[in-house]
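The values are calculated or read from the model by the stated rules, or taken from the named source; none is laboratory data. Note that the structure is predicted; figures quoted are calculated from it, not measured. Methodologically, a virtual Cβ is constructed for each residue, glycine included, from the backbone with ideal geometry; neighbour enumeration extends over all protein chains shown. Calculation scope for accessible area: heavy atoms of the full protein, side chains included, ligands and nucleic acids excluded. Shrake-Rupley method; radii C 1.70, N 1.55, O 1.52, S 1.80 Å.
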Amino acid sequence: GTSLNKKMTAEGVLDVTIESSLKKITTVDAWQEARKKAEEILQCDIPDKCGFHHVAFLMKGCYKDSYCGWAAYAYINWWPMVFIDNYGAYPSVVMHEIGHNLNMAHSGKDKSVYADHTCVMGNPHWTEDLDKQCFNPAKNFYIASQNGWYDKKYVLTLEMDLDHPYWTGHFVGVAEYDKIAAYETEKNVAVVLKLETDSDQDYFIGFNRKTGQNSDNKLASDEVTIIQAGSDGVKYSQSWFVDGLAEDESYSFGDKWGGIKEELILTVSKIDTTQKSLDMQMFKLFWEMPFLLLHLPLLQAVLLHRLVLPKLPSLRLRWHPLCH
């Protein structure tokens, strides 16, 4: 508030001097001592009584910790963040640590826990200039599960089985979420789709639109991204980049999907982001599944439904039947 800002070094910034030497105490001891000094100056308890949601402690360096090969750290599902050197000036690093405060784990790829560069919870941009990057579909699903940011009617969960042979809908990239209301009259408008596996490890699908607040994205730009994460997507869990699909590319989830034990394939039929109209920023998702005639010696795929709108980014998910 205004009264607190009058006590600040600058708006939202407070310089404090602690009595201990950073070379003689850990960063944990340092930020806790700095907190007490700040509370004396502000005359309120940090964070709640001061009205803060997150507090970043910026220190000259790390000296006494058992390991100092880091730029910053944050507490999981709690408010404090600690930065050393100049890393507190890097927007993506700050957003990465806020993600931890919000109970989000890292985003990885190929067994490297930080390597998903479609998401700010992977390795962030190490600069003061590049900062426009969003979270991946798994993280966005988690955010929505905590009643944050996205209207839940745009965050869908889908089970592919014999009772649900196909699904059709529109997707909007997170960076263009502000336009999604224009499709209120459409059926199944989504910003993220959870593909339920009947286990705690599920798949999360979204359109990684590289524009606006995601314009500094570094991986799978303007592609359909598939992310895997545990805890049903609703708790702290490492996520993994599975694949990014461009137009006409496919991904197989394997030949033993769910209780049906058939192959499930996701195919991107059409992506077109060259147009300026809202329609060109959307893509069509539809599923194809064979009509199963179990009494036949060989199963044949009979498509129950297929719908592709021209010039719209499109996906196709279909079952490939096994021979019985």
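Residues that are farther than 22 Å from F171 by Cβ, hydroxyl-bearing (S, T, Y) and either under 12 Å from the mean Cα position of the chain (by Cα) or open to solvent by less than 50 Å² (accessible area, probe 1.4 Å) (or both) do not occur anywhere in the range 128-150.
Of the residues D200, D232, only one is under 17 Å from A138 (Cα atoms), at pLDDT 75 or above, part of a helix (DSSP H, G or I) and open to solvent by 50 Å² or more (accessible area, probe 1.4 Å); which? Exactly one of D200, D232 is under 17 Å from A138 (Cα atoms), at pLDDT 75 or above, part of a helix (DSSP H, G or I) and open to solvent by 50 Å² or more (accessible area, probe 1.4 Å), namely D232. Pairs meeting the criteria (first residue in the range 240-254 and polar (S, T, N, Q), second residue open to solvent by less than 40 Å² (accessible area, probe 1.4 Å), beta carbons under 7 Å, at least 6 apart or on different chains) are S250/I265; S250/L266; S250/T267; S252/I265. Scanning the range 75-102 for residues that are at pLDDT below 95 and either of a type in the set (S, T, Y) or touching an Asp or Glu at 6+ places or on another chain (Cβ under 7 Å) (or both) yields a total of 5. Here is the figure for the range 176-197: residues that are assigned to a loop (DSSP other than H, G, I, E, B) and touching a Gly at 6+ places or on another chain (Cβ under 6 Å) total 1. Please find, within the range 177-197, the residue that is nearest to H125 (Cα to Cα) out of those that are out of contact with any strand residue (DSSP E or B) (no Cβ under 7 Å at 6 or more places or on another chain) and surrounded by fewer than 13 Cβ atoms within 10 Å (Cβ to Cβ). Per the criteria, the residue is D178. Residues in the range 33-79 that are within 28 Å of the chain's Cα centre (by Cα) and of a type in the set (D, E): D48 only.
Restricting attention to the range 203-227, which residues are polar (S, T, N, Q), touching a helix residue (DSSP H, G or I) at 6+ places or on another chain (Cβ under 8 Å) and surrounded by 19 or more Cβ atoms within 10 Å (Cβ to Cβ)? N208, N214, T225, listed by residue number.
Residues in the range 10-58 that are of a type in the set (S, T, N, Q), open to solvent by 80 Å² or more (accessible area, probe 1.4 Å) and under 21 Å from A89 (Cβ atoms): T17 alone. Among the residues of the range 5-31, what is the count of those that are closer than 18 Å to C68 by Cα and outside any loop (DSSP other than H, G, I, E, B)? Residues flagged as closer than 18 Å to C68 by Cα and outside any loop (DSSP other than H, G, I, E, B) within the range 5-31 amount to 5.
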